[in-house]
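The values are calculated or read from the model by the stated rules, or taken from the named source; none is laboratory data. Treat the numbers as computed from the prediction; the structure is a model and nothing was measured. All Cβ positions, even for glycine, are placed from backbone atoms using ideal geometry, and neighbour counts span all protein chains on display. Areas reflect the complete protein model, heavy atoms only, side chains present, ligands, DNA and RNA absent. Shrake-Rupley method; radii C 1.70, N 1.55, O 1.52, S 1.80 Å.
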Amino acid sequence: MAELVQTDAVPRRPKRRRGRLLPYLLSLPALLVCIAILVPFVTAAIYSLQRYRLNLPYLRGFIGVDNYIDFLSDPAFWNTLRISLVYTAVTVVAELLLGLGIALLLRRPTRFHNAVSIMLLLPLMTAPAIAALMWKLMTNPSFGILSYLVGLLGVHDFKWASDPSTALFTVVLVDVWVYTPFIMILLLAGLRSLPRQPFEAAALDGVPASFVFFRITLPMLAPYIITASLFRLLDSIQQFDIVYAMTQGGPGDRLMVFQVQAYLEFFQYTNVGRSAALLMILWLITNILSNIFIKNWLRLRARAHGHA
């Protein structure tokens, strides 16, 4: 009997070892992703504390926070900060309003509405850089189709992205065309998941549609709105593809957003330290904004569950 017990206990040890190793194996992909994120982040943080120019390698050295201090007295930095925040605010608000309006129109899950929602997702499937180049051709003052259509309305010699007064409008137009479907599909999913009882009760009581929208629909949809706005905010403030493909940050410095300026600092001016410092400042701004949005989202969720 002792021999049988020993022979039965031997094959169980590998199974126990597999059970102990399984959680570590399952968490390995997340660990690899975390390492892949932290290594470039730490490298950029180290570079931002150095005087590091590719064309002057012998001057490389640790300078502390001098790169950050230099930005405080640099008008170009404050111009970049202002343009980035304005671009982010305008694109997020415009896309949120349009996405919410389209989602309300397609709220009923009919075959026609489902087909229209699928068609509206086509711009989102286009790479932003390709979309920007396509719009750059369409807005060409000489042969662009949009310039021709605007000319039919009596507006001639419209410069679009080549004019400082209309460059922001043009780039925002491209951004709205590409990313509004993203907000639309998130809010549409939120609208279709809302409970029907409050709306049915309001319909029986004859409550006005405006009251239902502002007092029932919007409060219940608020977590979805904040989530969609957060995603777009984080993407808009780091926008590079559309802005660079359309204007390369111009005309002049009219659209010199963070990512474009960091790109030029690295590849054109070969100033790795300033480029890394710009990206670290951008990370700090996005971290602050995302924390604000997440706190509001948690507060709204708690209120929705009756814990606030």
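Compute the orientation-averaged projected area for region 130-225 from the convex hull of its Cα atoms and round it to one decimal in nm².
Working: hull surface 37.2 nm².
For the Cα atoms of region 130-225, the hull's average projected area reads 9.3 nm².
For region 163-308, what does the accessible surface come to per residue with a 1.4 Å probe? Please give it in Å². Display every interim value, and only then the final one.
Details: 7130 Å² over 146 residues.
With the other protein chains kept in place, region 163-308 gives 49 Å² per residue.
If r is the Cβ-Cβ distance from V93 to S27 and R0 is 45 Å, what FRET efficiency results, to the nearest 0.05?
On the way: r = 39 Å, r/R0 = 0.88.
Once the sixth-power term is evaluated, E becomes 0.70.
Pick from S48, S229, S165 the residue whose mean-square fluctuation is largest in a GNM of the chain, springs joining Cα atoms under 10 Å.
Sorting by GNM fluctuation, first place goes to S165.
Quote the FRET efficiency, to the nearest 0.05, computed for Y269 versus L152 with a Förster distance R0 of 45 Å and r equal to the Cβ-Cβ distance. List each step's numbers first, then the result.
Values: r = 44 Å, r/R0 = 0.97.
So the FRET efficiency works out to roughly 0.55.
Just to be sure I follow the definition: excluding the sites themselves, where is the longest run in the chain that has none of the trypsin sites (Lys or Arg not before Pro) in a DSSP loop with at most 15 other Cβ atoms within 10 Å? Before the final figure, lay out the partial values.
Details: sites that count: R60, R107, K159, R196.
Longest stretch, sites excluded: 197-308.
Just the number, please: carbon plus sulfur as a percent of the accessible area of region 164-308, 1.4 Å probe, no ligands or DNA/RNA counted.
Details: 4580 of 7080 Å².
Carbon plus sulfur share of accessible area: 65 percent.
Ordering Y269, Y87 by accessible area with a probe of 1.4 Å, largest first, what comes out? Let's see the in-between values first.
Details: Y269 110, Y87 5 Å².
If we order Y269, Y87 from most to least accessible, we get Y269, Y87.
Restricting to Cα pairs below 8 Å that are 6+ residues apart, what does the relative contact order work out to for the chain? Please round to a whole percent. It would help to have the intermediate numbers written out before the result.
Numbers: 305 pairs, mean separation 77.8, N = 308.
Taking the mean separation of contacting Cα pairs over the length of the chain, I get 25 percent.
Subtracting the Cα-Cα distance from 0.36 nm times the residue separation, let me have the gained length for I216 to V39 in nm, one decimal. Please list the in-between numbers first.
Working: separation 177, 0.36 × 177 = 63.72 nm, distance 4.60 nm.
This chain segment gains 59.1 nm when fully extended.
Hey, rough spin-label estimate for I69 and F143, points 7 angstrom out along Cα→Cβ, what's it come to in nanometres?
Spacing of the two 7 Å Cα→Cβ label points: 5.5 nm.
Beyond 30 Å, what share of the Cα-Cα pairs of the chain is found? Please give it as a whole percent. Don't skip to the end; give the middle numbers.
Details: 25222 of 47278 pairs.
Of the Cα pairs, 53 percent sit more than 30 Å apart.
Find how much the distance from I292 to V207 grows on full extension, using 0.36 nm per residue of separation minus their present alpha carbon separation; answer in nm with one decimal.
Values: separation 85, 0.36 × 85 = 30.60 nm, distance 3.41 nm.
Full extension from I292 to V207 adds 27.2 nm.
When the chain is modelled as a GNM with alpha-carbon springs shorter than 10 Å, which of Q239, Q197, Q50 fluctuates the most?
Q197
Top mean-square fluctuation among L279, L106, L149, Gaussian network model of the chain, C-alpha springs under 10 Å?
Highest fluctuation among the options: L149.
Going out from 0 in 5 Å bins, what whole percent of all Cα-Cα distances in region 23-78 drops into each bin?
Result returned by the calculation: 4, 16, 14, 16, 16, 10, 8, 7, 6, 3, 0.
Please report the accessible area of W177 (heavy atoms, 1.4 Å probe, ligands and nucleic acids excluded) in Å², nearest 10.
Surface open to solvent at W177 totals about 90 Å².
Based on alpha-carbon centroids, what's the gap between region 47-120 and region 253-281 in Å, whole number please?
After rounding, the separation between the Cα centres reads 13 Å.
How far apart, in nm, are two points set 7 Å out from the Cα along the Cα-to-Cβ line at L121 and at W78?
Computed distance between label sites L121 and W78 equals 4.6 nm.
Only helices at least 27 Å long along their axis, Cα-based, and averaging 1.6 or more on Kyte-Doolittle count here, so list those DSSP H runs from the chain. Walk me through the numbers on the way to the answer.
Working: long enough: 12-48 (54 Å, 0.71); 75-105 (45 Å, 1.52); 167-193 (39 Å, 1.83); 272-304 (47 Å, 0.86).
Taking the DSSP H segments of the chain (at least 27 Å long, mean hydropathy at least 1.6), we get 167-193.
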